[in-house]
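**Student:** Sharing a structure with you now.
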Amino acid sequence: MENWSLVSICVLFGLTARWAVSLNSYSGAGKPPMFGDYEAQRHWQEVTYNLPVHEWYFNTTDNNLNYWGLDYPPLTAYHSLLCAHLINPDWVELHASRGHESYGHKLFMRATVLVADLLIYIPAVVLYSFYLSEGSNKKKVFLCILLYPGLILIDYGHFQYNSISLGLALWGVVVLGLGWDVLGSLAFVLSLNYKQMELYHSLPFFCYLLGKCFKQGLAGRGLFLLVKIAVTVLVTFALCWLPFLSDPGQILQVVHRLFPVGRGLFEDKVANTWCSLNVLIKIKTILSTDTQLYFSLTTTLLAILPSSIKLLMKPTLWQFKLALVNSSLAFFLFSFQVHEKSILLPALPVCLLLNDLPLPAIWFLQASTFSMLPLFLKDGLLVPYVVTSLAFLFFSIYLLSAFEHCSEDKLRLGPYRRLLICIVRRYGYLSNCINKDHFYFSITAMAGLSFMSVALAPPDQLPDLFPLLVSVFSYLHFLGLLLYFNIVQIAEPLQSVRKNQKKSN
Amino acid sequence: SVMATPRADDWSWFPALALGVSFLKCILINAYHSTDFEVHRNWLAITHSLPVSKWYHENTSEWTLDYPPLFAWFEYSLSHVAQHFDKEMLVVQNLIYTSPATILFQRLSVIVTDIVFIYAVKECCRSVREEKGSKDLLGHPFFILAALLLWNFGLLIVDHIHFQYNGFLFGILLLSVARHLQGRHLEGALLFTVLLNLKHIYLYIAPAYGIFLLRSYCFTKDNTDGSVRWSSFSPVRLVALGSIVISVGALSFGPFIAMPAVLSIWCRPRGARGFLRCLVVCALGSFMFGWHVHEKAILMAILPFSILAVESREDAGIFLMLTTTGHYSLFPLLFTAAELPIKVLLMLLFTLYSFTSLKKLFRGSLLNPLETTYLLGLVAVEILCEVVYPLSPWQHTLPFVPLLVTSVYCSLGVSYSFIRLYVSLLRQHGTDKHKQL
């Protein structure tokens, strides 16, 4: 069958799955007084529609920042404004529409997510799968990326617009991969101005582009490229922040809303180092907030340093993809005030690795979905969680033949393979950690924990037992995979002369 | 680029197709369901809570038991599993009881009993004539048939959104057809009798079964020109058949218009495929002219016809016409706004697949320009009925106009397909006569 018809069929199937998930409940449904993310988005439409621009980020009588105050950059605000103009004004009436929930309103909100997805994220995935992924698996990779459960459940279930920011970032990757550096940086800056969490991806973009400039020689074309990119970035920032540029107080307030450093090392249960460490040592109480901040900053920087330096020295697409994974995962594990939904930031570049490293990628993607289980249970999304996870696991393992690609050679550990074998042999473990049996064991454990979270009541002394088990279990997976992906990135030799020449770019 | 060409015995794609559509069905668990949901919950309650003698007398709910006894026993056995989900659903007085556990159980029961349908599709695929020459997997007739049957749009929205047990029933029908295609006639007859006792609507195609079995099974040999050799009549076979399908001949009240078609399989049986063609004509004829026909009955013609569609060019053309029109006629079943994207997306998915795969299989266009224009007109009808008309001033005074337009427009396509199918059947009968002369 022709490409276009198969692609259309995959897209139609992906859209059907997405809309079917959106028939379920959303965050904070029927839970006054605060409700949830759904109400937050509706409230932002109300605020941007009714109030003038200079009041959006300030605490005024009309705009109570304690009730879902705007804490995303201006592009989110403009998007909310656009949506507010398209609908029934009753739904965004100032103050009176708080907590509004109705059948028609839910349909509208869900439709805005679908439209954004269709216009931004899905075309980017199409372009990536067909122009930048290698081998004969293009359509299969496309379908698998479309079926990633984490993004579907958060955007169409919990309710958010991650497909816009992640989609724009993906556009950035695709366009850079095709060689148009200026446009790629433009796309990424737009993504950054939609959600500030995209800063997790910013260092790889920076190092990749800087590395390219170095390669072209800083005394000539490289410098010219650097200037072009710098100008593009600055101009795009200026355009996005245009209404706020008139008053420095405005800019400061927005920045203050975007980076709430007063809120502490972590909130709730999240599968990163600090929350997991807190189980053994109560670091939140032992260390002061400033010490926590410096500690977190230092560990994050140390974690991202090797990957960034390697990318700077070898700015190829393959290195870029790996650096995106490593950088965002390191930020997730060690940074300040991380939310469990931020796992979507490393998940996107891991999706791009599905073709090259199927088994580790599938493992990570499944673990990332699993790590958000407590959130899904709170939102009443158990059935979609189970169905989409099983469907994703089945399709990706079957279509990408994941188990045939877990030999040591295919895992691309390079020279570190020998080192690892020596180390683990001393401790008597199997030399290959990433294999079928371990994978099955892990998935079974995830299924078991999911079942227990639903069916069993936690003991009275430990009311948070199951969310904690889920996040610690996920954390161990993330840590192990961070180590693995770092090894893969560092192990690649600097010169592109390789036996199969596949990754020369 | 193509999937790797599998070996002839590599059927690993089949579970993938089946599992994929099952996942899709699972994700539709929380979609809209119709009053048929309450109908079946009521029947679960009746068969579980009351003694057998009261099953057909109970009328607390308006949805009294109106399927044959075997279906009642089916609901009875389901009720034993249901009690582990939510005991309250089995209380007859709990009218319109829709707890999450009830919804989960009922939806899962449809999805799980579809295993009969999946098995039947596999058997049908094995009976499909294969063309020589290696093709990539996606171009093989049996792959296309499996996809057209497993992912059939009508079955998905009627069973897994609207709510019914057609997958299970059509599975038995298709299995019966497959057995006849494989020459295992007694099993086919047994399965059809079982089916009749599960849902009496299948009486409409009983004439096809009755005459075919009488002609092809009870008369063991034909003359050289294919006509009946009366001396080869086998009483043993007749008794065997009769003891299984005693109700077939006596109870059929199929439309008289089916008679010439039925006659043709008496005079020139043309094997099991002729029987299948006649079955489809009977089903479609009863849809056209029968008493109190539901729009879902179009599936009785569409599903068996899929087998013929992957084997002959002309049939594929008629199939595309019938299927697209027939499936579109099911749209009014899902009238809620939330389900509109689902029915549109699934319809596009199935229609796009059926057109591109059959076009590729038979290498070339299967429809003439007039037919294509008619089908494109369906898009205009949809936009008119779902978007334009609700915003017009007549929506309140004449609310049934969209339904009227849909029915009338689709009836053109369905009638046209019926006529073409009938003509093709009689033409085959005619060419045989011609060969004789």
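**Student:** Name the helices (runs of 4 or more DSSP H) wholly inside the stretch B:1-92 in which the number of residues that are within 30 Å of A:Lys138 (Cα to Cα) and either among the β-branched types (Val, Ile, Thr) or modelled with pLDDT of 90 or more (or both) is 1 or more.
**Tutor:** Ranges flagged: B:13-27.
**Student:** Any idea which residue in the stretch B:351-386 is nearest to B:Ser415 (Cα to Cα), counting only those that are within 14 Å of chain A (Cβ to nearest Cβ) and in a loop (DSSP other than H, G, I, E, B)?
**Tutor:** Taking the candidates together, the pick is B:Phe362.
**Student:** Could you tell me whether A:Ser27 is in contact (Cβ under 8 Å) with a residue 40 or more places away in the chain, within 20 Å of A:Thr388 (Cα to Cα) and touching a Lys or Arg at 6+ places or on another chain (Cβ under 6 Å)?
**Tutor:** No.
**Student:** Let me confirm something: among A:Asp181, A:Asp155, which residue is crowded, with 18+ Cβ neighbours inside 10 Å, of a type in the set (D, E, K, R), more than 19 Å from the chain's Cα centre (by Cα) and more than 14 Å from every other protein chain (Cβ to nearest Cβ)?
**Tutor:** Residue meeting the stated conditions: A:Asp181.
**Student:** Of all residues in the stretch B:318-339, which are outside any loop (DSSP other than H, G, I, E, B) and under 16 Å from B:Asp159 (Cα atoms)?
**Tutor:** Of everything in the stretch B:318-339, those that are outside any loop (DSSP other than H, G, I, E, B) and under 16 Å from B:Asp159 (Cα atoms) turn out to be B:Gly326, B:His327, B:Tyr328, B:Phe331, B:Pro332, B:Leu333.
**Student:** Could you tell me whether B:Glu58 is over 32 Å from the mean Cα position of the chain (by Cα) and of a type outside the set (A, V, I, L, M, F, W, C)?
**Tutor:** no
**Student:** Sticking with this structure for a sec: On the basis of being touching a residue at least 12 places away in the same chain (Cβ under 8 Å), within 13 Å of chain A (Cβ to nearest Cβ), of a type outside the set (Val, Ile, Thr) and surrounded by fewer than 22 Cβ atoms within 10 Å (Cβ to Cβ), does B:Leu95 make the cut?
**Tutor:** No, not satisfied.
**Student:** Let me ask another. Run B:Ile27 past the list (1) touching a residue at least 12 places away in the same chain (Cβ under 8 Å); (2) buried (at least 19 other Cβ atoms within 10 Å of the Cβ) and report the number of the one that doesn't hold.
**Tutor:** Going through the list (1) touching a residue at least 12 places away in the same chain (Cβ under 8 Å); (2) buried (at least 19 other Cβ atoms within 10 Å of the Cβ), B:Ile27 breaks only (1).
**Student:** While we're looking at this one, here's another question. With respect to A:Leu258, determine if the residue is more than 30 Å from A:Leu375 (Cα to Cα) and at pLDDT 85 or above.
**Tutor:** Taking the combined requirement at face value, the residue does not satisfy it.
**Student:** May I pose another question? Yes or no: A:Phe466 under 24 Å from A:Thr369 (Cβ atoms) and modelled with pLDDT under 90?
**Tutor:** So A:Phe466 fails the test.
**Student:** Looking at the stretch B:59-89 only, could you name the residues that are surrounded by 14 or more Cβ atoms within 10 Å (Cβ to Cβ) and of a type in the set (Gly, Ala, Ser)?
**Tutor:** The answer is B:Ser61, B:Ala72, B:Ser79, B:Ala82.
**Student:** Which of the residues spanning the stretch A:134-149 are over 16 Å from A:Ile9 (Cα atoms) and within 20 Å of the chain's Cα centre (by Cα)?
**Tutor:** Those that are over 16 Å from A:Ile9 (Cα atoms) and within 20 Å of the chain's Cα centre (by Cα): A:Tyr148, A:Pro149.
**Student:** Here's something else I'd like to know. Would you check if there is a residue in the stretch B:168-179 being within 21 Å of the chain's Cα centre (by Cα), at pLDDT 90 or above and more than 30 Å from B:Trp43 (Cβ to Cβ)?
**Tutor:** no
**Student:** Going through the stretch B:109-148 one residue at a time, which ones are of a type outside the set (Asp, Glu) and in contact with a Pro (Cβ under 8 Å, 6 or more places away or on another chain)?
**Tutor:** B:Val128, B:Arg129, B:Leu137
**Student:** Just to check your reading of the model, which residue among A:Tyr427, A:Tyr416 is modelled with pLDDT under 65, aromatic (Phe, Trp, Tyr) and within 25 Å of A:Ala330 (Cβ to Cβ)?
**Tutor:** Criteria check complete, one pass: A:Tyr416.
**Student:** If I filter the stretch B:93-103 down to residues being modelled with pLDDT of 90 or more and under 28 Å from B:Ile201 (Cα atoms), which single residue comes out as farthest from the chain's Cα centre (by Cα)?
**Tutor:** Across the stretch B:93-103, the extreme among qualifying residues is B:Thr102.
**Student:** Pull up the stretch A:127-144, narrow it to residues that are not small (Gly, Ala, Ser) and not in a helix (DSSP H, G or I), then point me to the one that is farthest from the other protein chains (Cβ to nearest Cβ).
**Tutor:** Checked the stretch A:127-144; the qualifying residue farthest from the other protein chains (Cβ to nearest Cβ) is A:Glu134.
**Student:** Turning to a different aspect of this structure: Go through A:Ala303, A:Ala238, A:Ala271 for me and flag whichever is in contact with a Ser or Thr (Cβ under 8 Å, 6 or more places away or on another chain) and either within 24 Å of A:Phe336 (Cβ to Cβ) or assigned to a helix (DSSP H, G or I) (or both).
**Tutor:** Checking each option against the conditions leaves just A:Ala271.
**Student:** Among the residues of the stretch A:222-257, write down those that are crowded, with 16+ Cβ neighbours inside 10 Å and polar (S, T, N, Q).
**Tutor:** Correct list: A:Thr232, A:Thr236, A:Gln250, A:Gln253.
The values are calculated or read from the model by the stated rules, or taken from the named source; none is laboratory data. Everything numeric in this text was worked out from a predicted model, so none of it was measured. Backbone-built Cβ (ideal geometry, glycine too); neighbour counts: all protein chains shown.
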